[in-house]
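Here the structure is laid out as structure tokens; the discussion comes afterwards.
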Protein chains: 2
Amino acid sequence: MIEDLKTFQTYLKFFPEPEFREELVKYGQVNSFKKGDIIVRDGQYVKFLPIVLTGAIRVYQQKEDREILLYYVRAEETCTMSLAAAYFNNKSSSHGVVTEPTEVLIFPADLIYQWQSKYPSWNKYVIHMFRRRYDELINSFEGIVFDHIPDRVWDYLKRAPLNTENHIHISHQQLAHELGTTRVVISRILKQFEKEKKIKLFRGYIELK
Amino acid sequence: MIEDLKTFQTYLKFFPEPEFREELVKYGQVNSFKKGDIIVRDGQYVKFLPIVLTGAIRVYQQKEDREILLYYVRAEETCTMSLAAAYFNNKSSSHGVVTEPTEVLIFPADLIYQWQSKYPSWNKYVIHMFRRRYDELINSFEGIVFDHIPDRVWDYLKRAPLNTENHIHISHQQLAHELGTTRVVISRILKQFEKEKKIKLFRGYIELK
DNA sequence: TTGGCTATGTATCTTTTGATACCGTCATCA
DNA sequence: TGATGACGGTATCAAAAGATACATAGCCAA
């Protein structure tokens, strides 16, 4: 839990202007969320913007029964979809759900209009975030177009957060979901990896070797 | 050919500030390009930014022999990849090639730092462009994940610019390229559409019914 | 301990797409 | 006019992925 101002400010090292930091402290508020909490809903107007301090928010779009993972908002990042929606006073077209215990700095979206003309670091931050999200999407895009699913699964496993025992806690179903395919396909591929001694399968988690 | 200032300014209606328009005229320059001209190259630093007045620039990334189409920069739009690259003084990671006779307003990239604090409409424009590009990419993404190629071809045909005779001037090879597949697949699908009386095939163009 | 739910294993079949090869047609230009 | 190259049609084969069905195993609560 982030209590004191000093700790909090270390998370905002990319905003060097002292007055800006003061504003963030003055108008911002640190909220804690637990896994499963919903931060943004499709169809809602966005009045507050988040900067994640610790943890992660999963942002995705939903159409009929299909889901598209856009990105995870992680420490020091903001949600570009929320930003754009708030900026133009549009409803959100995405969902944002907390996937692990998460602390978020929340501030009123209206402030960004002033910040744009006052704080260059804010503009830099925004463009950097947009660029990063775009690159992430290009990467997924590339994966889907050019790589076979086994490669994408392997890639996912390599990037996934490990615990101390080299365990990735995820079910086949969830993994299928993340990669936009079906459980059977994932199970088949993982079994193959196990045969090749790359991983070891357990109920509820995967051990990487 | 855009000659007079008045005509030129009608293209910039989303920049209402008179001083901003003056700056654009003062520091900007209208250049004409023909099909095939290269505007940006992968690996080059970006010193000037474009706003397209008429025509289109195809922006794509190239990795080994594979190509990813990012977007077309059309009238009133700018190239977000160039913008981000220029902003952070990075080399471009994309190519930009003119696909039809095109007129572009070019201005020195350094100006954008000042514009951010001086002209709200500029910031609005930038965020709008980033958002649009992102949405476009999500759309392609969706298509690739969820739709079969015939659907994507049909979608492409419906959106494609028609001439007065309902003709789309594109070869099967080009179409395959746009959709990230091969010529044979496209020919096969188009032939099927023709059987279903949806289109009529000719050498070099397709008639929509 | 038993029933029920979730997670996983696996076989079978089908569809979609890609790869390759070969042929004919059309336009252009030397 | 004849060579050349882009364009398009089609057949055949193979690979990748999805759909479906069913079996088994672990987990947990009544």
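Taking only Cα atoms, what is the 0 to 90° angle, nearest 10, from helix A:183-195's long axis to the longest principal axis of chain A?
Helix A:183-195 and the main axis of chain A meet at about 70 degrees.
Taking a ≥ b ≥ c as the square roots of the eigenvalues of the Cα gyration tensor of the stretch B:43-87, is the shape rounded (a/c under 1.5), prolate (a/b larger than b/c) or oblate?
Oblate shape, in that a/c is at least 1.5 and b/c is the bigger or equal ratio.
Need the C-alpha centroid separation for the stretch A:21-64 versus the stretch A:131-209, integer Å.
First find each Cα centre; the distance between them is then 27 Å.
With a 1.4 Å probe and all protein chains left in place, how much accessible area per residue does the protein assembly as shown have, in Å²?
Per residue, the protein assembly as shown has an accessible area of 52 Å².
Dipole magnitude of the protein assembly as shown about its Cα centre, charges +1 at Lys/Arg Cβ and -1 at Asp/Glu Cβ only, in debye to the nearest 20?
Dipole about the Cα centre, nearest 20: 1080 debye.
By its C-alpha gyration tensor, with a ≥ b ≥ c as the square roots of the eigenvalues, how is the stretch B:167-209 shaped: rounded for a/c under 1.5, else prolate for a/b larger than b/c, else oblate?
The shape class here is oblate.
Roughly how much accessible area, to the nearest 100 Å², goes out of reach of solvent when A and B pair up, both sides summed, probe 1.4 Å?
In total, this chain pair buries about 3600 Å².
Taking all protein chains as present, what is the carbon and sulfur share of the accessible area of the protein assembly as shown, in % to the nearest whole number, probe 1.4 Å?
After summing per-atom areas, the C and S share lands at 51 percent.
Only Cα pairs under 8 Å and at least 6 apart count here; give the relative contact order of chain A as a rounded whole percent.
20 percent
Between the DSSP loop rule and a limit of at most 16 other Cβ atoms within 10 Å, which GluC sites (Glu not before Pro) in the stretch A:44-132 are left?
Sites meeting the loop and neighbour criteria: A:Glu64, A:Glu76.
Mind listing which GluC sites (Glu not before Pro) in the stretch A:112-202 are in a DSSP loop and have 16 or fewer other Cβ atoms within 10 Å?
A:Glu165, A:Glu196
Once both axes come from the Cα atoms, what is the angle between helix A:18-27 and the longest principal axis of chain A, in degrees from 0 to 90, rounded to 10?
Long axis of A:18-27 versus the principal axis of chain A: about 80 degrees.
Report, as an integer, the average count of C-beta atoms from other chains found within 10 Å of each Cβ along A:62-68.
2
With the cut-off at 1.5 for a/c, could you classify the protein assembly as shown from its C-alpha gyration tensor as rounded, prolate or oblate?
Oblate, because a/c is 1.5 or more while a/b does not exceed b/c.
Looking at chain A from every direction and averaging, what is the projected area of its Cα convex hull in nm²?
Mean orientational projected area (chain A, Cα hull): 12.9 nm².
Tally Lys/Arg at +1 and Asp/Glu at -1 over every other residue whose Cβ is under 15 Å from the Cβ of B:Lys118; what's the total?
After counting each charged neighbour, the total is -1.
Which is farthest toward the positive dipole end of the protein assembly as shown among B:Thr78, B:Gly180, B:Leu12, measuring Cα position about the Cα centre, with Cβ charges +1 (Lys, Arg) and -1 (Asp, Glu)?
B:Gly180
How do B:Leu49, B:Leu201 rank by accessible surface area computed with a 1.4 Å probe, from largest to smallest?
B:Leu201, B:Leu49
On a 20 Å Cα-Cα criterion, which of the cross-link pairs A:Lys91/B:Lys118; A:Lys47/B:Lys124; A:Lys13/A:Lys34 come out too long?
A:Lys91/B:Lys118; A:Lys13/A:Lys34
Can you give the longest run of chain A that contains no chymotrypsin sites (Phe, Trp or Tyr not before Pro) sitting in a DSSP loop with at most 14 other Cβ atoms inside 10 Å?
A:89-209
Heavy atoms of the protein only, probe of 1.4 Å, neighbouring chains included. What is the accessible area of B:Asp110 in Å², nearest 10?
Accessible surface of B:Asp110 is approximately 110 Å².
Is there a quick way to get the dipole size of chain A? I mean about its Cα centre, with the Cβ of Lys and Arg at +1 and of Asp and Glu at -1; what is the value in debye to the nearest 20?
Its charge dipole is roughly 560 debye.
Straight distance only, please: which lysines reach the Cα of B:Lys195 with their own Cα at less than 18 Å, same-chain residues fewer than 8 apart left out?
By straight Cα distance, B:Lys195 reaches B:Lys158, B:Lys209.
Given a 1.4 Å probe, show me the residues in the stretch A:122-151 buried by at least 40 Å² of accessible surface when comparing the whole protein assembly to the chain alone.
Correct list: A:Asn123, A:Lys124, A:Ile127, A:Phe130, A:Arg131, A:Tyr134, A:Leu137, A:Ile138, A:Phe141, A:Glu142, A:Ile144, A:Phe146.
The values are calculated or read from the model by the stated rules, or taken from the named source; none is laboratory data. Here the structure is a predicted model, which means the values were calculated and not measured. Quick reminder, even Gly has a Cβ in these numbers, built from the backbone with ideal geometry, and neighbours come from all protein chains shown. Note: accessible area is taken over every heavy atom of the protein model, side chains too, but ligands, DNA and RNA are not part of it. Shrake-Rupley method; radii C 1.70, N 1.55, O 1.52, S 1.80 Å.
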